[in-house]
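Peer 1: For reference, the structure I am asking about is given below.
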Amino acid sequence: MLELSERYIVDREGKKSAVILDIKKFEGLIELLKEYEGIEPYDTEDVTKDIIEAFKDLKKGKIHPAREILNEL
């Protein structure tokens, strides 16, 4: 797990309003964001439809090799 050792700036009421990070930690976070930028968001509706279709296929006796399924992911 990434340890940030963050510090906070608080307003007059004591609510956190900003974060202070070590520059190296900040740069690391930026690099992580760049890596994950191209990843499509997870769509649970599509996955649910796929699972329903898979169960229908199983009932019909249609079986898909695991490698074929994994290649689609």
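All of the numbers you see were taken from the coordinates with simple rules; none came from a lab. Please read these numbers as outputs of a predicted model, since none were measured by experiment. Cβ: placed from backbone, ideal geometry, glycine included. Neighbour counts: every protein chain shown.
Peer 1: I'd like the distance between the alpha-carbon centres of the range 21-53 and the range 4-20, rounded to an integer number of Å.
Peer 2: Cα centroid of the range 21-53 versus Cα centroid of the range 4-20: 26 Å apart.
Peer 1: Next up: When only DSSP loop residues count, what trypsin sites (Lys or Arg not before Pro) in the chain have their Cβ near at most 16 other Cβ atoms within 10 Å?
Peer 2: Hits after loop and neighbour filter: 12, 15, 60, 62.
Peer 1: Follow-up. Between residue 53 and residue 31, what FRET efficiency comes out of the Förster formula 1/(1 + (r/R0)^6) with R0 = 25 Å and r the beta carbon distance, rounded to 0.05? List each step's numbers first, then the result.
Peer 2: Details: r = 38 Å, r/R0 = 1.51.
My answer for the efficiency is 0.10.
Peer 1: Further question on the same structure: What do you get for GluC sites (Glu not before Pro) in the chain restricted to DSSP loop and a cutoff of at most 15 other Cβ within 10 Å of the site's Cβ?
Peer 2: Passing both the DSSP loop test and the Cβ count: 3, 6, 13, 37.
Peer 1: When only Cα pairs under 8 Å and 6 or more residues apart are kept, what is the percent relative contact order across the chain?
Peer 2: 16 percent
Peer 1: About the Cα centre of the chain, what is the dipole size in debye to 20, counting +1 per Lys and Arg Cβ and -1 per Asp and Glu Cβ, all else neutral?
Peer 2: 260 debye
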